[in-house]
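Written below as structure tokens is the structure these notes are about.
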Amino acid sequence: MQITTKEEHIDFLNGILSQAKILVAEGHTAVATLVMSQLIEIMGSYFDAKPMRSREQSANRFNTAIYKLFPIKYSKANKKSFLYYQLRTSIVHTLTPTCSVALKNGTSDQHLVEKDDITEIYVGNLLSDTEKAVGILIRLINEDKVKLKKLAAGEID
């Protein structure tokens, strides 16, 4: 199946977001964070001219999405690609954060606050902010402000 139309891209993004919501609701903190981290990278791919599956683009795409779609506190926390390395790289490769991050369930005004050299990331806040970022990207898709890319996608049942 080819994902090419606005509607297909929107369904694709919302489908991944739905999986993250289910994982958060079921308390699967690390896996939910993994899915959201990958979704952040995917969202960043809508801002470059390269094919969706281009190699060696994960950091650029993740960081682009953080800077263009997320609240400013994410940009501040992402100095030297901190969030990319903590969320996308570490979680994807080991399903665990490094010692510099504490992944926590729920929501808190302490989200992305550093205490004793450990940044607290509340998965509920991350989900809410990711959902808002998806909404912003969908608006940009509908307004033709990002270029849609072809994506060959196999069926997932």
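The values are calculated or read from the model by the stated rules, or taken from the named source; none is laboratory data. Everything numeric here is computed off the predicted structure, so don't read it as measured data. Glycine also receives a Cβ, built like all others from the backbone with ideal geometry; neighbour counts cover every protein chain displayed.
Against the numbered list (1) farther than 21 Å from residue 131 by Cβ; (2) modelled with pLDDT of 90 or more; (3) not hydroxyl-bearing (Ser, Thr, Tyr), residue 50 comes up short only at (2).
Filtering 114, 120 for residues that are part of a strand (DSSP E or B), in contact with a Leu (Cβ under 8 Å, 6 or more places away or on another chain) and not β-branched (Val, Ile, Thr) leaves a single hit, 120.
In the stretch 86-133, the qualifying residues are those that are acidic (Asp, Glu) and over 18 Å from residue 69 (Cβ atoms), and the one that is modelled with the lowest pLDDT is 114. The residues of the stretch 1-59 that are under 21 Å from residue 123 (Cα atoms) and either of a type in the set (D, E, K, R) or not in a helix (DSSP H, G or I) (or both), listed by number, are 21, 26, 27, 28, 41. Yes or no: residue 119 over 30 Å from residue 7 (Cα atoms) and either out of contact with any strand residue (DSSP E or B) (no Cβ under 6 Å at 6 or more places or on another chain) or touching a residue at least 12 places away in the same chain (Cβ under 8 Å) (or both)? When the stated conditions are applied, residue 119 passes them.
The rows are residues; the columns are (1) of a type in the set (A, V, I, L, M); (2) in contact (Cβ under 8 Å) with a residue 40 or more places away in the chain; (3) under 14 Å from residue 131 (Cβ atoms); (4) surrounded by 16 or more Cβ atoms within 10 Å (Cβ to Cβ).
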site	(1), (2), (3), (4)
18	no, no, yes, no
37	no, yes, no, yes
41	no, yes, no, yes
72	yes, no, no, no
80	no, no, no, no
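I'm checking my understanding of the structure. Among residues of the stretch 43-67 that are in contact (Cβ under 8 Å) with a residue 40 or more places away in the chain and within 12 Å of the chain's Cα centre (by Cα), which one is surrounded by the fewest Cβ atoms within 10 Å (Cβ to Cβ)? Ranking the candidates gives 45 first.
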